[in-house]
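Quick notes on the structure that follows.
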Amino acid sequence: MSEQETSLKRHSGAAAFQYRGEENALDFLEGSEGERGADITRFRRNTGIVTYDPALANTAATTSAITYLDGENGILRYRGYAIEDLAERASFVETAYLLIYGELPSQAEHDGFSRALSDHSLLHEDMKRFYDGYPMTAHPMAILSAMVNSLSTFYPESQDALNLEERDRTIVRLLSKLRTIAAFAYKKLHGQPFTYPQNHLSYCGNFLHMMFALPTETYEVDEDLVKVLNQLLILHADHEQNCSTHTVRTVGSAQTNLFASVSAGINALWGVRHGGANQAVVEMLERIHADGGDVHKWINLAKDKDSDFRLMGFGHRVYKNYDPRARIIKQAADLTFNKLGVRDPLLEIALQLEEAALSDDYFIERNLYPNVDFYSGLIYRAMGVPTNFFTVLFALGRLPGWIAHWKEQIEDPSMRITRPRQLYTGPHQRDFTPMSERD
Ligand code: ACO
């Protein structure tokens with residue numbers, strides 16, 4: 001029995017499944033918050049059939065002690081701590097430590113962790129040359145993923161995923177260097193010189209400095225923006241078995257190293273149905289603005305089943321009530337816009353859209369509320385982050401979650417390689433036709 005399974009309650013034979021006249025007993029497993037799942041690990045062996053669950057929407061693919069999410073009641077907790085508390089009272093570095101190591105750090109642990117993050121902030125100078133090979137049109141998520149994979153070539157000791165001594169060093173390296181990789185990608189795509197990390201700055205302050213400082217001017221890190229960035233990264237830091245985290249776990253289940261597993265997660269996050277949504281929100285608002293700003297026309301289009309237009313930033317696979325992160329982010333948006341004195345016409349459209357959708361029966365009946373991405377893109381835009389970089393910021397926030405899940409899985413003695421089944425729907429066996437006889 002794995003360590004995580006020890007907090008699981010097993011209800012033996014609590015249910016039964018009848019198939020071809022035979023009754024097969026099923027155990028129920030109960031998690032620490034009372035969530036129940038039918039244990040089907042022996043289902044195929046006992047019945048000869050598989051279960052069918054496309055997109056795994058009804059399947060708990062693992063046990064996990066990292067994040068608790070209750071979509072019906074709008075609850076999100078990391079290691080038992082409410083997202084609202086963490087966003088208000090913790091830093092991103094503390095939250096990362098909590099997710100990865102399971103407890104909030106003591107002062108000494110925090111200082112040691114922060115120092116290690118500072119010590120590993122530089123990239124190997126040879127990696128800088130990789131940036132020269134990308135065209136100016138490159139999407140930064142492609143650069144991010146390739147660079148993270150490349151880290152494994154500079155630290156070959158990380159390739160042994162089971163090496164405990166190296167694991168902590170690899171974790172710190174990745175957490176620290178992803179900031180530098182992301183900021184250097186921004187500089188490359190804007191034709192600006194790289195700004196090296198300044199280790200006296202905080203994690204988020206350092207990132208803003210590397211992104212926006214130029215050798216020609218003094219750059220003052222704005223502590224209000226540091227606070228907002230901390231909050232945004234915390235809100236994105238984990239979300240249990242989402243698409244990219246599931247990807248990291250799937251790749252990691254082959255005992256693939258952390259850099260390569262996270263590189264795969266970055267690619268999953270890139271998609272518009274996942275991390276790409278905040279970019280899609282701003283692009284949608286730009287489209288509505290360019291079209292004259294009639295939000296009702298677009299609301300009607302989103303409801304029209306003959307159109308494939310969806311209101312970006314609305315709806316969530318898991319939150320069918322409200323997304324608790326969306327409330328916090330709305331306050332962060334107010335702080336950012338007031339601080340920077342931003343008067344963004346897209347914000348006006350966003351507010352009108354939100355109001356109109358929330359009072360529309362179509363959205364009410366389907367429980368479609370604004371999700372975390374509805375405002376995050378607008379905040380990043382106000383900070384001066386270009387649209388195609390929003391998902392990069394999401395990746396920076398999600399990194400501790402990916403690491404925590406990879407680590408939890410690799411430390412689980414019962415870990416097996418992920419290998420789902422399928423229901424084959426292709427042709428029956430047929431004879432090979434030589435090329436000369438084909439139509
Ligand atoms: N606009 C209009 N209608 C919508 C929307 C939307 N944004 N989202 C869902 N619906 C409708 C669907 O058409 C469907 O209607 P029907 O019952 O009449 O057929 C119903 O609501 C249920 O939708 P599903 O697609 O079944 O919901 P699912 O849980 O599969 O999808 C998803 C969730 C992908 C997030 C969806 O709501 C969506 O595409 N939203 C826009 C993209 C977005 O904001 N993604 C970010 C997700 S958050 C994140 O990754 C951090």
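Worth pointing out:
- In order along the stretch 166-174, the Karplus-derived 3J(HN,Hα) couplings, from 6.51 cos²θ - 1.76 cosθ + 1.60 at θ = phi - 60°, round to 6, 4, 5, 5, 5, 4, 5, 4, 5 Hz, and Gly and Pro are given as x.
- Karplus-derived HN-Hα couplings along the stretch 117-122 (A = 6.51, B = -1.76, C = 1.60, θ = phi - 60°), whole Hz, x at Gly and Pro: 4, 5, 4, 10, 6, 7
- To put it simply, the accessible area of the chain at a 1.4 Å probe is 47 percent carbon and sulfur.
- Net charge of neighbours whose Cβ lies under 13 Å from the Cβ of GLN422, counting Lys and Arg as +1 and Asp and Glu as -1: +2
- Selection from PHE394, ILE266, TYR380, by position along the positive dipole direction of the chain (Cβ): ILE266
- Two-decimal ratio, the stretch 115-233, of alpha-carbon radius of gyration to 2.2 N^0.38 Å: 1.10
- Dipole moment magnitude, nearest 20 debye, the stretch 242-334 about Cα centre, only Lys, Arg, Asp, Glu C-beta charged: 440
- At a probe radius of 1.4 angstrom, the accessible area of the chain per residue rounds to 51 square angstrom.
- Converting phi to 3J(HN,Hα) with the Karplus coefficients 6.51, -1.76 and 1.60 and the offset θ = phi - 60°, the stretch 422-439 yields 8, 10, 6, 10, x, x, 6, 4, 9, 7, 5, 9, x, 3, 5, 9, 7, 5 Hz in sequence order, with x at every glycine or proline.
- Each of the peptides 397-408, 298-309, 194-205 was scored by the mean count of other Cβ atoms within 10 Å over its residues; in descending order, highest first, they stand as 397-408, 194-205, 298-309.
- Long-range HN-HN contacts of ILE75 with modeled amide H, under 5 Å: ASP70
The values are calculated or read from the model by the stated rules, or taken from the named source; none is laboratory data. It should be emphasised that the depicted structure is a prediction, and the values quoted were computed from it without experimental measurement. In this analysis, Cβ positions are derived from the backbone assuming ideal geometry, glycine residues included, and neighbour counts consider all displayed protein chains. Accessible surface areas use protein heavy atoms only, side chains included; no ligands, DNA or RNA. Shrake-Rupley method; radii C 1.70, N 1.55, O 1.52, S 1.80 Å.
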